[in-house]
């Protein structure tokens, strides 16, 4: 379908604002399967550049079986074929976040993987995102690989170094991701973290109505039953207004600094939720410093609802301008205060997408939204300290490379099978990123049914009656958490967990380092290679019992990871029979020393 030779001979185009592209020199240099590009203005006149089409080509034949594409936003991923790419979930970049896209094409961002009918794969990926966001535009007859230069001005004789691009093909999908990850790590080194965090999160059992007593009660239960949950994450609801992160809400009788001190006294570490790039109109931050925010075409602060989704709670929001020096200082001061005075070193950063939103005007007119966001993130990291842990959530994916220690890689969990299965699929498509780009966060593990008051992303508040998840579906969910290899935070009221659930939660905590590598993108069979054994994850996504044949590396002793049940010794094959619908089996495979 597409070879590197064909790609090297594909067309290019520099699309300018109100002029031709003949003034500019676009130079590509290939080294093996990696392409670097520069764009130079050879004239004495400044030129506004709308976008750079690195490659464009018509498909002579396109035997594509499946397409997977990344979203610009964390909540957006896409799967389908060249005629119909559908979001994995409700939140597409075009429809939910209102990001403009070219008519006649389906657009994904920074990474596209085409699976062909012969089961081979074509990986197209940008391995850097310093300034410009990458787009892959496809339809049944053609494609374009584009960098959005956002109508920036290329001055006379000025040269831009554009983002690095990787092209790879082969039958081993995981090996292709290895190649891309290696290049990304060179361009955006992974931030060092001493641990993969564990803990408890208040949101999925209390929502924004969290109180100090709720936190205290759960800490007592964790101390007694699951003491390895290290961090106590105070989520949304502690602050007076969106934007005023140092001012507590009325339902907190004392300041957050005192609460964090009590968390430490109990033997835990405090963690805090902050949405650094947003503020509501009534906030002290916005009232006193409206000039620190992204502007509209008239120079007034831009409401997020004018260009995108306005926000899920207490919106519409205004968006802090990461290119503004005083806004950067504010971010630094907030995070330095929380770190030094409150004692927090773990920060869940939510709504980061609003720091890199399209459609606004920045204080520094020469920056892209990627650059503005990355400048703001640098101020946050500098304030939080080098040994902090920053978790990106609802973030722009590639613009966050090298700016966060961890990244949420799924939508929000809820106690419904449709959500449990959806989040597993979303996470497994991103398993390759774990411990390479950042620590993956598969969202909280939930092990019991409950009714919880939640604020949905559309801003509506609902009582969610979530009492219909079956035991095997909770087991599927717990197995997915293990298969992610990532963070483990409980989202339940630990005060109400049964002995069985506490045992299952402890098992989740035992394996959180290596992500499963799957045999194919149906995510039915995945393997985790540990120092002492192999874990084989078997997922039944269907509505009928399923039987899987598992290949073994010789004669092996097998056991059920969750129950420690001895499944006997097997030689080269194991038949896992009658896995329940919506169920999972997690095998521990020990190779016999005599083999």
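Could you tell me whether residue 298 is over 25 Å from the mean Cα position of the chain (by Cα) and either within 24 Å of residue 73 (Cβ to Cβ) or not in a helix (DSSP H, G or I) (or both)? Steps first, answer last, please.
Working: over 25 Å from the mean Cα position of the chain (by Cα): yes; either within 24 Å of residue 73 (Cβ to Cβ) or not in a helix (DSSP H, G or I) (or both): yes.
Answer is yes for this residue.
Would you point out the residue of the range 52-63, among those that are surrounded by fewer than 20 Cβ atoms within 10 Å (Cβ to Cβ) and part of a strand (DSSP E or B), that is farthest from the chain's Cα centre (by Cα)?
Going through the qualifying residues, I end up with 58.
Which residues, taken from the range 194-213, are crowded, with 18+ Cβ neighbours inside 10 Å and either without any contact (Cβ under 8 Å) to a residue 24 or more places away in the chain or not in a strand (DSSP E or B) (or both)?
Kept after step one, since they are crowded, with 18+ Cβ neighbours inside 10 Å, are these residues of the range 194-213: 196-208, 210, 212.
Answer for the range 194-213, where residues must be crowded, with 18+ Cβ neighbours inside 10 Å and either without any contact (Cβ under 8 Å) to a residue 24 or more places away in the chain or not in a strand (DSSP E or B) (or both): 196, 197, 202, 203, 204, 205, 206, 207, 208, 210, 212.
Taking the options 527, 504, name whichever one is touching a strand residue (DSSP E or B) at 6+ places or on another chain (Cβ under 6 Å) and farther than 19 Å from residue 202 by Cα.
Values: 504 fails: touching a strand residue (DSSP E or B) at 6+ places or on another chain (Cβ under 6 Å).
On inspection, the qualifying residue turns out to be 527.
Counting only residues that are surrounded by fewer than 23 Cβ atoms within 10 Å (Cβ to Cβ), give me the strands (runs of 3 or more DSSP E) lying completely in the range 97-167 with at least 2 of them.
Numbers: elements: 106-109, 111-116, 121-126, 133-138, 142-154, 159-161.
Per the criteria, 111-116, 121-126, 142-154, 159-161.
What number goes with the only condition from (1) touching a helix residue (DSSP H, G or I) at 6+ places or on another chain (Cβ under 8 Å); (2) outside any helix (DSSP H, G or I) that residue 330 does not pass?
Every listed condition holds for residue 330 apart from (2).
Return yes or no: is residue 584 farther than 22 Å from residue 511 by Cα, at pLDDT 95 or above and either out of contact with any helix residue (DSSP H, G or I) (no Cβ under 9 Å at 6 or more places or on another chain) or not assigned by TED's automatic domain parsing to the domain that holds residue 504 (or both)? So that I can check it myself, show each step before the final result.
Numbers: farther than 22 Å from residue 511 by Cα: no; at pLDDT 95 or above: yes; either out of contact with any helix residue (DSSP H, G or I) (no Cβ under 9 Å at 6 or more places or on another chain) or not assigned by TED's automatic domain parsing to the domain that holds residue 504 (or both): yes.
Judged against the criteria, residue 584 is not a match.
Quick check on residue 135: is it closer than 24 Å to residue 367 by Cβ, under 19 Å from the mean Cα position of the chain (by Cα), at pLDDT 95 or above and not assigned by TED's automatic domain parsing to the domain that holds residue 429? Can you show your working first?
Numbers: closer than 24 Å to residue 367 by Cβ: yes; under 19 Å from the mean Cα position of the chain (by Cα): yes; at pLDDT 95 or above: yes; not assigned by TED's automatic domain parsing to the domain that holds residue 429: yes.
Yes: the conditions hold for residue 135.
Since residue 313 meets every condition but one in (1) buried (at least 21 other Cβ atoms within 10 Å of the Cβ); (2) under 29 Å from residue 232 (Cβ atoms), which condition does it not meet?
(1) is the only condition that residue 313 fails.
I'm checking my understanding of the structure. Among residues of the range 512-550 that are free of Cβ contacts under 8 Å to residues at least 40 places away in the same chain and crowded, with 16+ Cβ neighbours inside 10 Å, which one is farthest from residue 581 (Cα to Cα)?
Of everything passing the filter in the range 512-550, 527 is farthest from residue 581 (Cα to Cα).
Determine whether the range 75-82 contains at least one residue that is modelled with pLDDT under 95 and either farther than 16 Å from residue 148 by Cβ or not in a strand (DSSP E or B) (or both).
First, the residues of the range 75-82 that are modelled with pLDDT under 95: 81-82.
Checking the rest, the ones that are also either farther than 16 Å from residue 148 by Cβ or not in a strand (DSSP E or B) (or both) come to 81-82.
So far as the range 75-82 goes, yes, one or more of its residues are modelled with pLDDT under 95 and either farther than 16 Å from residue 148 by Cβ or not in a strand (DSSP E or B) (or both).
Here are 385, 355, 392, 343: which of them is in contact with a helix residue (DSSP H, G or I) (Cβ under 7 Å, 6 or more places away or on another chain), in contact (Cβ under 8 Å) with a residue 60 or more places away in the chain and surrounded by fewer than 24 Cβ atoms within 10 Å (Cβ to Cβ)?
Working: 385 fails: in contact (Cβ under 8 Å) with a residue 60 or more places away in the chain; 355 fails: surrounded by fewer than 24 Cβ atoms within 10 Å (Cβ to Cβ); 392 fails: surrounded by fewer than 24 Cβ atoms within 10 Å (Cβ to Cβ).
None of the other options fit; the residue is 343.
Quick one: residue 185 ticks every box in (1) surrounded by 18 or more Cβ atoms within 10 Å (Cβ to Cβ); (2) under 22 Å from the mean Cα position of the chain (by Cα); (3) farther than 13 Å from residue 237 by Cα bar one, so which box is it?
Of (1) surrounded by 18 or more Cβ atoms within 10 Å (Cβ to Cβ); (2) under 22 Å from the mean Cα position of the chain (by Cα); (3) farther than 13 Å from residue 237 by Cα, only one is false for residue 185: (1).
Given the options 571, 566, name the one that is over 30 Å from the mean Cα position of the chain (by Cα) and either surrounded by 20 or more Cβ atoms within 10 Å (Cβ to Cβ) or modelled with pLDDT under 95 (or both). Let's see the steps before the verdict.
Working: 566 fails: either surrounded by 20 or more Cβ atoms within 10 Å (Cβ to Cβ) or modelled with pLDDT under 95 (or both).
It is 571.
Go through the range 214-243 and report how many residues are farther than 30 Å from residue 293 by Cα and either out of contact with any helix residue (DSSP H, G or I) (no Cβ under 6 Å at 6 or more places or on another chain) or in a loop (DSSP other than H, G, I, E, B) (or both).
Step one: filter the range 214-243 for residues farther than 30 Å from residue 293 by Cα, giving 214-232.
Those left that are additionally either out of contact with any helix residue (DSSP H, G or I) (no Cβ under 6 Å at 6 or more places or on another chain) or in a loop (DSSP other than H, G, I, E, B) (or both): 215-216, 219-220, 223-224, 226-231.
The number of residues fulfilling the criteria is 12.
Which one of 174, 182 is in the same structural domain as residue 76 (by TED's automatic domain parsing), in contact (Cβ under 8 Å) with a residue 60 or more places away in the chain and under 23 Å from residue 408 (Cα atoms)?
Going through 174, 182 in turn, just one is in the same structural domain as residue 76 (by TED's automatic domain parsing), in contact (Cβ under 8 Å) with a residue 60 or more places away in the chain and under 23 Å from residue 408 (Cα atoms): 174.
Does the range 91-101 contain any residue that is assigned by TED's automatic domain parsing to the domain that holds residue 182, in contact with a strand residue (DSSP E or B) (Cβ under 7 Å, 6 or more places away or on another chain), within 18 Å of residue 12 (Cβ to Cβ) and at pLDDT 95 or above?
The answer is no; no qualifying residue exists.
Name every residue in the range 83-94 that is closer than 25 Å to residue 417 by Cβ and part of a loop (DSSP other than H, G, I, E, B), in order of residue number. Don't jump to the end; show me each part of the working.
Quick first cut of the range 83-94, residues closer than 25 Å to residue 417 by Cβ only: 84-92.
Correct list: 88, 89, 90, 91, 92.
Are any of the residues in the range 22-42 at positive phi, within 30 Å of the chain's Cα centre (by Cα) and in a loop (DSSP other than H, G, I, E, B)?
Of all residues in the range 22-42, those at positive phi come to 32.
In the following step, the residues that additionally are within 30 Å of the chain's Cα centre (by Cα) were identified as 32.
Those still in the list that are in a loop (DSSP other than H, G, I, E, B) too: 32.
Scanning the range 22-42, I find at least one residue that is at positive phi, within 30 Å of the chain's Cα centre (by Cα) and in a loop (DSSP other than H, G, I, E, B), so the answer is yes.
The values are calculated or read from the model by the stated rules, or taken from the named source; none is laboratory data. Keep in mind that what you see is a predicted model, and the values were worked out from it rather than measured. For neighbour counting, all protein chains shown are included, and Cβ atoms are generated from backbone atoms with ideal geometry for every residue, glycine included.
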